[in-house]
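Values in this text are rule-based calculations from the coordinates and carry no lab data. As the structure is a computational prediction, the values presented were derived from the model and not from experiment. In this analysis, Cβ positions are derived from the backbone assuming ideal geometry, glycine residues included, and neighbour counts consider all displayed protein chains.
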Amino acid sequence: MGAVAFGLARLNESSYVRSTDIPIEQPVPFSHEHHVRGLGIDCRNCHQTVEIAASAGIPPTHTCMSCHSQIWTTAEMLEPVRASYRENRPLEWNRVYDVPGFVYFNHAIHVNKGMGCTTCHGQIDTMPLVWKASSLTMEWCLDCHRQPEKFVRPRAEVFNSDYRPPANQLELGRKLVAEYKVQRLTDCYTCHR
Amino acid sequence: MSDTRYWRSLEDLAQTEEFRRAVEDEFPGRSPDWLEPVKRRDLLRLMGASMGLAGLTGCVSIQPQEKIVPYVRQPEDLVPGRPLFFATSMPMCGYGLGLLAESHEGRPTKVEGNHLHPSSLGATDAFAQASVLSLYDPDRSQAVMYRGQISEWPRFLGAMAGIRKQLLARGGAGLRILTEANSSPTFAWQMGFLLKDYPQMKWHIWEPAGSDGAFRASQAMFGRPLHPIYNIAAADVIFSLDADFLSSGPASVRYQREFADRRRVTDGQNNINRLYVAEPTLTPTGSKADHRLPIRASDIDSLARALAAAVGFASAPASTGDDARDSMVRAVAADLKAHAGRSLVIAGDGQPAPVHALAHAMNQALGNLGRTVQLTEPVQNAPQDVVQSLGDLVAAMRGGQVEALVIAGANPVYTAPANLSFADAMARVPFRAHLGLYQDETARLCHWHVPQAHYLEAWSDVRAHDGTASIIQPLIQPIWGGKSIHEFVTALTDFPDQRGYELVRNYWQTQRGGTGFEQFWRLAVHDGVVPDTAAAPLRVSANLAAIPPPESQSLPADQLELVFQPDPAVFDGRFANNAWLQEMPKYITKLTWDNAAYLSPRTAARLGLQSEDLVELTYQGRSVRAPVLIAPGQADNSVTVTLGYGRTRGGHIAQGVGFNAYALRTFERPGFGGGLQVRKVGRYPLALTQNHHALERAELVKRATLEHYREHPDFARHEHHPAFSIYPEYDYSKSYRWGMSIDQSVCTGCSACVLACVAENNVSVVGKPEVIRGREMHWLRIDTYFTGTPDNPEVVHQPMLCQHCEKAPCEPVCPVAATVHDSDGLSQMVYNRCVGTRYCSNNCPYKVRRFNFLLYADWDTESLYALRNPDVTVRSRGVMEKCSFCVQRIQRAKIDAELADRRVTDGEVVTACQAACPTRAIVFGDLNDPKSELMRLRRQPTSYGVLTELNTQPRIGYQAVITNPNKELVKA
């Protein structure tokens, strides 16, 4: 019985159950690889509230059309975007990162404390379609909340998807944790309300 | 003071066995199986079951695929997940309460008071808090109806166009419009045009809780209907003649604030006011009285006359015929005279014209006019005697003079006095149209019914108690296609189907037109008040010779009278379908989900009645069956019933709850009257929360007179036992130490905080049977304690919520660590860890933990999804919950502060209960910040902790009650 329980527990943490590493189909095959790596567009151009609010912000159709009213204006692939704009009907994207209803995550505070996009979202600039790169288990969250020095990076590098942690990450991390006043928040109320 | 005995209820006073059981048993009404020792066989069976189920929890669950739906064009200033606040006003009985409505991506979820609004001053009442539930109420009217069949708005307009032709030809003769009290400047403007089109049309106003007495008295004394505004802050001595000015009426939120500001004894300031109240039923105002006289409503007239004589006018009898009353009258009169110009006499809305006239006369004689009472021109549109107005309408309908009746908002079939037989008279009208939030009793009997837009759905405007106009700004499109009153009456004009926004804007253009209009409009909408619209105070004097004689022969002392009052929860019935209000324990009685006939203990004993007896009340030839509730402080031989219950139409929640007191009400005496017969016919269970969650007897309440306080300012402080704990101390000095102060001296028990908590924290409603089992879910309750005799007790209100004890007894007993402390000292409740042992609740001495015995949250009704606060988890079955100190607000402030690299400042975190409190009794803050308002209050000598002898180290400090009795009366 113990073995069964252990097996189920392992299964629960598997990438199958956690839906990681599986590209999610979208109504428009938006490629972060093309827009970020290919064109060099900053994350914040579309995810505008990532520095000020809990939600990073999914761009309104208007943001897409600010470029695509000029370029690729007849591309068939973009017809749903144009239809959305024309008919004032929102696009419905499939959620990739889905924290449970009783978890209240805030992008702004993480980004401001030196937590890089790719730390949780993976090598987003290599993803033609986005997949989930982290398990989002509570254990995974706590790994950083207990030891932020393992992951924190200089604020200037937060949106840099080419950033690689240096060899002396722990040393740099401890320095940044002190400088940015990063707290080790493991109180339940930090995320659960 | 420690020898004073405080009691929660008559059962507590008598220490009945039932009450002791309630105190000792946290979860009454359990199956006896759980109380017996466990047998070996049962244990094995349960173990087997739990091991089988334990396997299931390991089963995998893949999250369902969710959608993200961004905007097409994102509105300016909108950040998803960050609420926006828009100024608006809630109209009620023709006056507005200024609000800031919280909008989450276009969904209003909560209202707060508007600091700029004169009636609100930043606070709200319970009705405003509950109004968001009414917005999403799935029982609201959702379609235009014609003769019981679903129709459409254009068809209604077509029908009205036909009627319009006939009416225009007759100059409007036969057209009657019936509205509720209304002060909308735009509506007055529209009605002006209508009266030009239809010069013979008549505009009737009916407001079931309106005051005909005040209107008639003002007509007599000043020759026209003037509107009184009280300056409670300037009054040292207040005498209330059956006036519940602290909890009812358009300015009650403001008056509570003004009263409270004159009631605090902080930082040595101890010049507090004195309040005398004479009333039949204990109200929040009576509960704050320094001297309260329980008196039949019928005897108020003679009391007022005796007081007037003692204050110094002739032509009034000098005695009430009762020695105790006479001595009170003498002492009160001396006190009023000693504070001439700084005193105030207020007459209640339920009292007839002579009492109002006497109050005017006394205020004039005492030099209070222009000081503590300002008189202005009426704020309401078409001011009229609402009772007479309805009577005239009924007479005209009966006489066949009414061709078309257009009812906008009112529900007269249900609310009209019974002896008018409104429904019968209305049946003679050939064309009847109704606008209403619900398909109610009146809608059913009208040919046409149009769904009304909720105030959060439509543009309008309204005046505050002092005349200040506000624009009512909608937060959402009408969910079910409702129409505003402005849009509805356009059906009678040449230009039907105009939009409310244009109408309101066009009216204000006529007032403040010109080049600056756009700026004016934007500012007025943004601020929620239109500048320079308050009514100007008048310099008038009353015609003392015009005081009307008593309205009826005085009632023999041994005869029963019947008093009608609006209900503290459902008011006149308009909120009957609001489950939050239905489940709100009514102040003082703590009755939920019902109304009752309140009897004094002595009268009940004389009639051989007990609480929860069902009686037949027979009054003026009509009868209804009502449950009895023995109410401490009720006047002898006075039976009070509240209106608004016993609905036959108007929603699932409203129907079949309570009894209909309107069925006894008469047109001639809508306030009260003698000649009541009471006959017991059975028993009827009531859902009373008074004895629920009763604390073990201890010094829970501290109270002293002002005189005692001046000599012993630190009377409330304990002789402290040295705090000793086996648990190690935690150092909170580096983080925040959240704490609260609650001032019992000013708390009136109005329950705005209770409903603010419900709205903010998605607290579930459980229904009457579950309330009877003690399973109500409110995180914040108001415990009412009485002291003295049951006939005329003194009252203390003690808001009780999680104390966030530093040594919380609930935490060590949790086997799964579902409730633990955080580094700021909050006692956290972690729903996803809780397995429902309820040990924590058993071990909480404050009894503030609530268990979801069933799935109380409504997860099925679609319209309610939008109501919930997205920042707070909706709890499921089998989970414990309790006050979190509004941790979602704390976290928001902490993140904002961290982003700006600073600490959270004092006043940045305002809990929902604190924001709603009209008296500012509740203050939240950081105990680590010596300069905070919280610490200023906690340093006061009157601050004490409840049950600190248990070494719980609560984070909430209560401030002791200070009363200011008149020495003359204490001696007597």
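Could you compute the net charge surrounding B:Gly391? Neighbours are other residues with a C-beta less than 12 Å from the C-beta of B:Gly391; K and R count +1, D and E count -1. Can you show the working numbers first?
Numbers: positive: B:Arg398; negative: B:Asp212, B:Asp385, B:Asp392, B:Glu668.
Charge balance in the 12 Å sphere: -3.
Only bridges whose two residues both fall in segment B:398-509 count here: according to DSSP, what percent of them are antiparallel, nearest 5? Kindly include the intermediate steps, with their values, before the conclusion.
On the way: 4 of 14 bridges.
Percent antiparallel among DSSP bridges in segment B:398-509 is about 30.
Under 18 Å Cα to Cα from B:Lys768, which aspartates and glutamates show up? Leave out anything in the same chain fewer than 8 places away.
Counting by Cα, and skipping residues close in sequence, B:Lys768 has these aspartates and glutamates nearby: B:Asp567, B:Glu583, B:Asp594, B:Glu612, B:Asp613, B:Glu776, B:Asp858.
Take the alpha carbon atoms of segment B:834-893, find their center, do the same for segment A:111-172, and report the distance between the two centers in whole angstrom.
If you average the Cα positions of each part, the centres end up 33 Å apart.
Step through the residues of segment B:846-857 one at a time and calculate ³J(HN,Hα) from phi using the Karplus curve (6.51 cos²θ - 1.76 cosθ + 1.60, θ = phi - 60°), rounding each to whole Hz and writing x for Gly and Pro.
Result, rounded to whole Hz: 8, 6, 10, 8, 10, 10, 7, 5, 10, 7, 6, 5.
Within chain B, what is the longest stretch that has no GluC sites (Glu not before Pro) placed in a DSSP loop and near at most 13 other beta-carbon atoms within 10 Å?
B:153-667
List the lysines whose Cα sits under 24 Å from the Cα of B:Lys337, skipping any in the same chain fewer than 8 residues away.
In chain and number order, the partners are B:Lys288, B:Lys967, B:Lys971.
Any chance you could check the Cα centroid distance between segment B:228-263 and segment B:898-921 for me, in angstrom?
27 Å
Have a look at B:Gln388, B:Phe156, B:Gln452 and report the one farthest towards the positive end of the charge dipole of chain B, computed about the Cα centre with Cβ charges (Lys/Arg +1, Asp/Glu -1).
Going by the Cα projections, it comes out as B:Phe156.
Which one, A:His32, A:Ile71, A:His47, projects farthest toward the positive side of the charge dipole computed for segment A:4-152 from Cβ point charges (K/R +1, D/E -1)?
Toward the positive end, the furthest listed residue is A:His47.
Amide H neighbours of B:Met92 under 5 Å, counting only residues 5+ apart in sequence or on other chains, H built in-plane at 1.01 Å?
Under 5 Å from the amide H of B:Met92 lie the amide H atoms of B:Leu97, each far enough along the sequence or on another chain.
About its Cα centre, what dipole magnitude does the protein assembly as shown give when the only charges are +1 on Lys and Arg Cβ and -1 on Asp and Glu Cβ, stated in debye to the nearest 20? Before the final figure, lay out the partial values.
Details: 119 positive and 123 negative charges, 87 e Å.
That gives the protein assembly as shown a dipole magnitude of about 420 debye.
Quick check on packing: order B:445-452, A:164-171 by the mean number of other C-beta atoms within 10 Å, highest mean leading. Provide the component values of the computation, followed by the final result.
Numbers: B:445-452: 23.2, A:164-171: 11.9.
Highest mean packing first, the order is B:445-452, A:164-171.
Other chains near B:62-69: what is the mean number of their Cβ atoms within 10 Å of each residue's Cβ? Write down the numbers at each step before the final one.
Details: counts 4, 8, 2, 7, 5, 7, 11, 7.
Going residue by residue through B:62-69 and averaging, the value is 6.
Mean residue ellipticity at 222 nm from the helices of chain B, using -39,500 (n - 2.57) per DSSP H segment of n ≥ 4 over the full residue count, to the nearest 500 deg cm²/dmol? Please list the in-between numbers first.
On the way: 30 runs with 261 residues, N = 972.
Value at 222 nm, helices only, nearest 500: -7500 deg cm²/dmol.
Dipole magnitude of segment B:43-166 about its Cα centre, charges +1 at Lys/Arg Cβ and -1 at Asp/Glu Cβ only, in debye to the nearest 20? Intermediate results must be reported in sequence, preceding the final value.
Numbers: 11 positive and 10 negative charges, 110 e Å.
Computed charge dipole of segment B:43-166: roughly 520 debye.
Can you put B:Phe488, B:Phe495 in order, fewest other beta carbons within 10 Å first?
Working: B:Phe488 25, B:Phe495 8.
Neighbour counts put them in this order, fewest first: B:Phe495, B:Phe488.
What average number of partner chain Cβ atoms lie no more than 10 Å from the Cβ of the residues making up B:71-83? Before the final figure, lay out each step's value.
Numbers: counts 10, 13, 8, 9, 1, 0, 0, 1, 8, 7, 10, 6, 0.
Neighbouring Cβ atoms belonging to other protein chains average 6 per residue here.
Once a ≥ b ≥ c are taken as the square roots of the eigenvalues of the Cα gyration tensor of segment B:741-790, is the result rounded (a/c under 1.5), prolate (a/b larger than b/c) or oblate (a/b not larger than b/c)?
Details: a/c = 3.15, a/b = 1.32, b/c = 2.38.
Note, shape of segment B:741-790 comes out oblate.
Share of antiparallel DSSP beta bridges in the protein assembly as shown, in percent to the nearest 5? Mind showing how you got there, number by number?
On the way: 71 of 122 bridges.
The antiparallel proportion sits near 60 percent.
Please arrange B:Val639, B:Val835, A:Val103, A:Val177 by counting, for each residue, the other beta carbons lying within 10 Å of its beta carbon, fewest first. If you can, show how the numbers build up before the last one.
Details: B:Val639 29, B:Val835 12, A:Val103 15, A:Val177 19.
Going from sparsest to densest Cβ surroundings: B:Val835, A:Val103, A:Val177, B:Val639.
Lys and Arg at +1, Asp and Glu at -1: add these up for the other residues within a Cβ distance under 15 Å of B:Ile62 and post the number. Each step should come with its number before you reach the end.
Working: positive: A:Arg18, A:Arg95, A:Lys132; negative: A:Glu13, A:Asp21, A:Asp98, B:Glu66.
That sum, taken over residues with Cβ under 15 Å, equals -1.
For B:Leu437, which sequence-distant residues (separation of 5 or more, or a different chain) have an amide H within less than 5 Å of its own amide H, given hydrogens modelled in the peptide plane?
Residues meeting the criterion, in which the H sits 1.01 Å from N, are B:Gln452.
So what J values fall out for segment B:486-493 if you push phi through Karplus, 6.51 cos²θ - 1.76 cosθ + 1.60 with θ = phi - 60°, rounded to Hz, Gly and Pro as x?
5, 5, 5, 6, 5, 4, 8, 9
Quick check on segment B:810-868: take the gyration tensor over C-alpha atoms, sort the square-rooted eigenvalues as a ≥ b ≥ c, and tell me if it's rounded (a/c under 1.5), prolate or oblate. Write out the running numbers ahead of the final one.
Working: a/c = 2.39, a/b = 1.84, b/c = 1.30.
Verdict is prolate for segment B:810-868.
Could you give the dipole magnitude of segment B:727-786 about its Cα centre, charging the beta-carbon of Lys and Arg +1 and that of Asp and Glu -1, in debye to the nearest 20?
180 debye
Long-range amide H contacts for B:Val961: which residues qualify at under 5 Å (H placed 1.01 Å from N, peptide plane, sequence gap of 5 or more or a different chain)?
Under 5 Å from the amide H of B:Val961 lie the amide H atoms of B:Lys702, B:Arg703, B:Ala704, each far enough along the sequence or on another chain.
Sequence neighbours fewer than 8 away in the same chain don't count; with that in mind, list the lysines whose C-alpha is under 16 Å from A:Lys181.
Cross-link targets: A:Lys113, A:Lys150, B:Lys734, B:Lys894.
Within 10 Å of each Cβ of A:83-93, how many other protein chain Cβ atoms are there on average?
Working: counts 0, 2, 2, 1, 1, 3, 2, 7, 6, 4, 5.
The per-residue average across the peptide is 3.
Give me B:Lys590, B:Lys288, B:Lys931 ranked fewest to most by other Cβ atoms within 10 Å of their Cβ, as a rough exposure proxy. Working shown, then result.
Numbers: B:Lys590 23, B:Lys288 29, B:Lys931 10.
Starting with the residue having the fewest Cβ neighbours, the order is B:Lys931, B:Lys590, B:Lys288.
Which ³J(HN,Hα) values, rounded to whole Hz and listed in residue order, are derived for segment B:86-101 from phi using the Karplus coefficients 6.51, -1.76 and 1.60 in 6.51 cos²θ - 1.76 cosθ + 1.60 with θ = phi - 60°, glycine and proline given as x?
10, 6, 7, 9, 9, x, 8, 6, x, 10, x, 10, x, 9, 10, 9
Can you give me the distance in nm between label points at A:Glu76 and A:Ala178, each placed 7 Å from the Cα along the Cα-to-Cβ direction?
Once both label points are built, they end up 6.1 nm from each other.
If you find the alpha carbon centre of segment B:270-340 and of segment B:495-538, how far apart are they in angstrom?
44 Å
Where in segment B:181-220 does the label zone of B:Thr510 land, with the point 7 angstrom along Cα→C-beta and an amide N cut-off under 15 Å?
Only B:184-198 fall inside the zone, counting backbone N under 15 Å.
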